[in-house]
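See below for the structure under consideration.
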Amino acid sequence: MKPFRHFAIAFCVCSLLCMLTACMSSVTVWPSFVDLSKKDVILRVDGTETALLYWYDASNGDYEWNVFQILDNGQVAPISLRYTDKVAQIEDNLCHITECFVPDYGEHYILITYMSTDQDPLPSVSDSAFSTFFSYEIENGVARMYCFFAYIPEFSEGYTVYINQDAVVIN
């Protein structure tokens, strides 16, 4: 019985460490073609040479985003990205924060998804770089999801996001 208990405890500890590491690890996403002519683009956040686009895909019923290179003719092209995810609890609400880095251009974006009950007001969002945040709200009658997007012109050590005045250090 004792060996099984030790194995079970070791397994639980390893599983927890793997989950925590996955939540804070950096992931590289390689380019994939997205035909934006068939998407309902909701929001576009321009960087210097790249743009973050957020759209609704009616074919699968999902909201999606990606960062693209801005071409001279105004079109966009896929590029490689590296992003880091972080999950935080702000008051009683779950918040998912993604820092997105475009290595070829050195540009950074931040995406914040804030889940709340139907009664909660729009949260206040700011950051240590004084970025301009764009927001979009999705409601289903029971809960609301607030999505915030920003281009970060000066991403530095100790970069912090403030959600309802609660600080979340990203870098």
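Residue by residue, here is whether (1) open to solvent by less than 80 Å² (accessible area, probe 1.4 Å); (2) at pLDDT below 90; (3) touching a Cys at 6+ places or on another chain (Cβ under 8 Å) holds:
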| position | (1), (2), (3) |
| --- | --- |
| 45 | yes, no, no |
| 48 | no, no, no |
| 66 | yes, yes, no |
| 72 | no, yes, no |
| 75 | no, yes, no |
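For region 100-119: of the residues being in contact with a Lys or Arg (Cβ under 7 Å, 6 or more places away or on another chain) and open to solvent by 40 Å² or more (accessible area, probe 1.4 Å), which is modelled with the lowest pLDDT? Break it down into steps so the answer makes sense when it comes.
Pass one, region 100-119, residues in contact with a Lys or Arg (Cβ under 7 Å, 6 or more places away or on another chain): 101, 103, 116, 118.
Those left that are additionally open to solvent by 40 Å² or more (accessible area, probe 1.4 Å): 103, 118.
Working: 103: 92, 118: 63.
Filtering first and then ranking leaves 118.
I'd like the full set of residues that are closer than 22 Å to residue 64 by Cα and among the hydrophobic types (A, V, I, L, M, F, W, C), limited to region 145-160.
Narrowing region 145-160 to residues closer than 22 Å to residue 64 by Cα: 145-152.
145, 147, 148, 149, 150, 152, listed by residue number.
What tally of residues in region 119-158 results from selecting those that are without any contact (Cβ under 8 Å) to a residue 12 or more places away in the chain and more than 20 Å from residue 42 (Cβ to Cβ)?
Of the residues in that region, 3 qualify.
Can you name every residue in region 126-169 that is assigned to a loop (DSSP other than H, G, I, E, B), among the aromatic types (Phe, Trp, Tyr), in contact with a strand residue (DSSP E or B) (Cβ under 8 Å, 6 or more places away or on another chain) and open to solvent by 50 Å² or more (accessible area, probe 1.4 Å)?
Taking region 126-169 as the starting set, the residues that turn out to be assigned to a loop (DSSP other than H, G, I, E, B) are 128-133, 140-142, 153-159, 164-165.
Checking the rest, the ones that are also among the aromatic types (Phe, Trp, Tyr) come to 130, 133, 155, 159.
Then drop every residue that is not in contact with a strand residue (DSSP E or B) (Cβ under 8 Å, 6 or more places away or on another chain), which leaves 133, 155, 159.
Listed by number, the list is empty, since nothing qualifies.
Residues of region 138-156 being of a type in the set (Asp, Glu) and at pLDDT 90 or above, which ones?
Filtering region 138-156 down to residues of a type in the set (Asp, Glu) leaves 139, 154.
Those that are of a type in the set (Asp, Glu) and at pLDDT 90 or above: none in region 138-156.
Return only the number of the condition from (1) under 27 Å from residue 130 (Cα atoms); (2) within 16 Å of the chain's Cα centre (by Cα) that residue 91 does not satisfy.
Just one mismatch for residue 91, condition (2).
Do you know which residues across region 75-120 are more than 26 Å from residue 139 (Cα to Cα), of a type in the set (Asp, Glu) and not in a strand (DSSP E or B)?
Residue satisfying the conditions is 104 alone.
Can you tell me how many residues in region 78-99 are without any contact (Cβ under 8 Å) to a residue 60 or more places away in the chain, of a type in the set (A, V, I, L, M) and surrounded by 15 or more Cβ atoms within 10 Å (Cβ to Cβ)?
Count: 2.
Within region 41-58, how many residues are under 20 Å from residue 152 (Cα atoms) and of a type in the set (Phe, Trp, Tyr)?
Counting residues in region 41-58 that are under 20 Å from residue 152 (Cα atoms) and of a type in the set (Phe, Trp, Tyr) gives 1.
Tell me which residues, restricted to region 54-64, are open to solvent by less than 60 Å² (accessible area, probe 1.4 Å) and of a type outside the set (Gly, Ala, Ser). Step through it out loud before you land on a result.
Of all residues in region 54-64, those open to solvent by less than 60 Å² (accessible area, probe 1.4 Å) come to 54-55, 57, 61, 64.
Scanning region 54-64 gives 54, 55, 57, 64.
The values are calculated or read from the model by the stated rules, or taken from the named source; none is laboratory data. These numbers come from a predicted model, not from an experiment. No Cβ is skipped: glycine too gets one built from the backbone with ideal geometry, and neighbour counts run over all protein chains shown. Just the protein is used for accessible areas: all its heavy atoms, side chains included, with ligands, DNA and RNA removed. Shrake-Rupley method; radii C 1.70, N 1.55, O 1.52, S 1.80 Å.
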